[in-house]
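Participant: This is the structure I have questions about; it appears just below.
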Amino acid sequence: MMPLGVADVLLILLTALVCAAVVTCAAVLVLRRARRAGLTLRLVVVGVASVLALATGVLAISAEMYLSAHDFTVLVWVLGAALLCALATAWITARAARSSVRGLSAAVRRVGEGDVVDRGSSGWREFDDLSAELAEVSAKLSDARAELERLDSDRRRFLAWISHDLRTPLTAIRALAESAEEGLADPEAFPSQVRAQVETMGRMVDDLFELSRITSGSLRLRTEQVELLDVVSDAVADVRAAAGDHRVRIVQQGIDGHVLWADPHQLTRVIVNLLTNAVRHAPEGSEILVFAESPSPHRLVLAVLDHGSGVAVEDLDRMFEVGWRSDPSRTSGTAPDAVASGAGLGLAIARGLARAHGGDVFAEHTDDGFCLKVLLPVGEPGS
């Protein structure tokens, strides 16, 4: 057998390239014409084109080599068998892929309907990875949907509660006005009674405005170095009258000597809201203890301890949600009360303001009673 020369090699290479190019172009044209075709047809076209590219090249080169008619016939049958095997392989692979795609499509529809899907196993790594991602996304969507439903329920409940709480002083003012029209109101007490109800509504509107600033991120703190004793003393003075009405005494312990960076006005409001909550729920004739401790050189904890029963353990964090109250009836009298004028906003505002300072508010049960604690940084913000 004579060795192939350079010209022979070039001829063989050129023939193979031309045949492969012709088959490839034909396959591309078929795929372009069948853009909306399914996965099965596309895989079959690719598989057949691969074998045809090889077969046409081999047949053309064989013809150039002047094979005998017998040998050429054998070669055609061999290539035909290879083409049939390639067609069968492509068909089986396409059916398996189509089955996996249908499974993923069904899973996507279930996710769209709100179901949580499990990770599937198809034997295709890419499809299995996609199925795993889909399962993870469906779980996250389910959690997000549940959270949205909870928030929507809280919003509707809060709107109902705030409407109820705003209607109470309005009803009282209307009753006072009707009494004045009929000449039944006490002329001396009438102005103070109306003013008390208006102040109740004013406090609620102020709380709503403050909560809006906190949740929208528009709150701006004016921090300075403050004495904790001064802030606590101002807060205690604000609620002393209400504490007297409820026959509750407020005691301070270990407050002096602590200095921190904070907005004195907003920090006072945090403490007032915690004290207001404690006065509302402390047993009559008991004491409310306000004390401070330093768990670390950079942290300060201010605690408000009352001897009430507090809330259930599962509600220790929920009590800081907007509009939450432990009493589902949410009854409120018409008499003016400085500690019953909120709409479940006080603790939510306290936590929001504390977090704006870089701290937090949390609640816990102790052996001595129910305790609300404010965790605050001591150093200057950004230091």
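Participant: Please give the charge dipole size of the chain, origin at the Cα centre, charges +1 on K and R Cβ atoms and -1 on D and E Cβ atoms. Round to the nearest 20 debye.
Facilitator: The calculation lands at about 2520 debye.
Participant: Pull out the extension gain between LEU141 and THR73, defined as 0.36 nm times the separation in residues minus the alpha carbon to alpha carbon distance; nm, one decimal.
Facilitator: Using 0.36 nm per residue and subtracting the Cα-Cα distance, I get 18.2 nm.
Participant: Contour minus end-to-end for ASP256 and ARG220, with contour as 0.36 nm per residue of separation and end-to-end as the Cα-Cα distance?
Facilitator: Going from the current span to full extension adds 10.2 nm.
Participant: Looking at [x] 23.4, 74; [y] 19.2, 62; [z] 39.8, 133, which value of Rg and Dmax of the Cα atoms in Å comes from a calculation on the structure shown?
Facilitator: Of the listed options [x] 23.4, 74; [y] 19.2, 62; [z] 39.8, 133, [z] comes from this structure.
Participant: Can you tell me the length gained on complete extension of the stretch ARG156 to GLU364, counting 0.36 nm per residue apart and subtracting the Cα distance?
Facilitator: 72.0 nm
Participant: May I ask you to list, by number, the DSSP H helices of the chain whose Cα span along the axis is at least 20 Å and whose average Kyte-Doolittle hydropathy reaches 1.6 or more?
Facilitator: 6-33, 39-64
Participant: Just to be sure I understand: of the beta bridges DSSP finds with both ends in the chain, what percent are antiparallel, rounded to 5?
Facilitator: In the chain, approximately 85 percent of DSSP beta bridges are antiparallel ones.
Participant: What range in the chain is the longest one free of GluC sites (Glu not before Pro) that are in a loop by DSSP and have at most 12 other Cβ atoms within 10 angstrom?
Facilitator: 1-112
Participant: For each of TRP261, TRP91, TRP77, count neighbouring Cβ atoms within 10 Å of the residue's Cβ, then give the residues from fewest to most.
Facilitator: Ordered by Cβ neighbours within 10 Å, fewest first: TRP77, TRP91, TRP261.
Participant: What FRET efficiency comes out for ARG240 versus ASP317 if R0 is 41 angstrom and r is the Cβ-Cβ distance? Round to the nearest 0.05.
Facilitator: 0.85
Participant: Between ASP206 and ARG110, what is the FRET efficiency for a Förster distance of 51 Å, r being their Cβ-Cβ separation, to the nearest 0.05?
Facilitator: 0.60
Participant: Quick one: order ASP154, ASP263 by neighbouring beta-carbon count within 10 Å, fewest to most.
Facilitator: ASP154, ASP263
Participant: Please work out the FRET efficiency for the pair THR171 and HIS265, using the Cβ-Cβ distance as r and a Förster radius of 30 Å; give the result to the nearest 0.05.
Facilitator: 0.40
Here, each number is a calculation from the coordinates, and none is a lab measurement. Note that the structure is a prediction, hence the values are computed from the model and not measured. For neighbour counting, all protein chains shown are included, and Cβ atoms are generated from backbone atoms with ideal geometry for every residue, glycine included.
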